[in-house]
1. Sort D79, D157 from largest to smallest accessible area, using a 1.4 Å probe on the heavy atoms of the protein chains.
2. For S60, list long-range residues whose amide hydrogen, built 1.01 Å from N in the peptide plane, is under 5 Å from its own amide hydrogen.
3. Which net charge results when you count Lys and Arg as +1 and Asp and Glu as -1 among the other residues whose beta-carbon is under 11 Å from that of T246?
4. Using the heavy atoms of the protein chains alone and a 1.4 angstrom probe, what is the accessible area of the chain per residue in square angstrom?
5. Which one, V43, A102, G258, is farthest towards the positive end of the dipole of the chain when Lys and Arg carry +1 and Asp and Glu -1 on their Cβ?
6. Taking 0.36 nm per intervening residue step and subtracting the Cα-Cα distance, what contour gain separates L50 from K161 on full extension?
7. Mind jotting down the distance between the C-alpha centroids of segment 144-206 and segment 243-301, whole Å?
8. With each label point set 7 Å from Cα along the Cα-Cβ vector, what nm distance links A19 and R218?
Amino acid sequence: MSTAGEAAPRPAPGLRRRAAALLHRRPALRLSLLLSAPLAWLVVAYLGALAAIFLTAFWSTDTFTGAVVRQFTLANFQDLWNEPVYRTIALRSLGVAAAVTAIDTALGLPMALYMAKVARPRYRPYLVIAILAPLWAAYLVKAYAWRVILAHGGLADEVLKPFGLSSPGYGLTATIIVLAYLWLPYMILPVYTGLERLPDSLLDASGDLGARPWRTFRSVMLPMVFPSLVAGSIFTFSLSLGDYITVKIVGGRGQLLGNVVYDNIGAANNLPFAAAVATVPVVVMLVYLAAARRTGALREL
């Protein structure tokens, strides 16, 4: 029994208070708990799905029953390598992705430059909204709108007729045009962000030293914005490499890797071979990202 002069014993801290004190003393543990849920989702949903694709690619399909045979085999990859048609489709897909990236770079860089360095600051948010506005429309709506535009006798024919030209119609050219339109905002926005961070005083100093505008762009601006260009190319290249809907709508008889995957999942019911084909763009993008990492582009994403 305590006397009047003695202080009453302090109650033991509750479990919640002890946990809070522990987390306060150990910030690494606090960060780990905070990131545990999104990391678990990433591992299970994203990396788990990729692992399932790679695993399925080494299985086969029973030609009689259509059932998946879960036995290790390299037959799917051998077919991909040995069949000339699949090599042609893979090279065509890489060519389309590269062409779309080149077109978006040629269009996106001057547009981003105008938005970041030429337009008045009060107008820049409206220009960004104008660039983002096409992304708010449904993918299929935009693709079918281009199908109407590129059809023979359509809007493209009417516009080009006075110049003695005609619409390219449906085919590989139409696929590149539509994909370049669809993914252009993904090139403009990273480049715009990179240019906006570029100090105007640096450009003024180049002019004060006697450099002409083209020299300033080539020697000062372009090297500093190059990582942003590579960051934008990651989006345009990867999205074009895996696309299959645009090819179905405006591609005519042309096929890309995405169409081969889709057809083997649906009509052919050959999931292992579709998984093997799907590994091709994944491997290509891993190599692309490894190369892009050396430029510092991943910090611009």
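1. Listed by decreasing accessible area, they come as D79, D157.
2. Answer set, sorted by chain and number: V69, Q71.
3. +2
4. In whole numbers, the chain has 63 Å² accessible per residue.
5. Among V43, A102, G258, the one farthest towards the positive end of the dipole of the chain is V43.
6. Length gained between L50 and K161: 35.1 nm.
7. About 22 Å separates the Cα centre of segment 243-301 from the one of segment 144-206.
8. Result for the modelled spin labels: 6.4 nm.
The values are calculated or read from the model by the stated rules, or taken from the named source; none is laboratory data. Being a predicted model, the structure only gives us computed values, none of them experimental. So basically every Cβ, Gly included, is an ideal-geometry build from the backbone, and we count neighbours across all protein chains shown. Remember, those area values only see protein heavy atoms, side chains included, never the ligands or the DNA or RNA. Shrake-Rupley method; radii C 1.70, N 1.55, O 1.52, S 1.80 Å.
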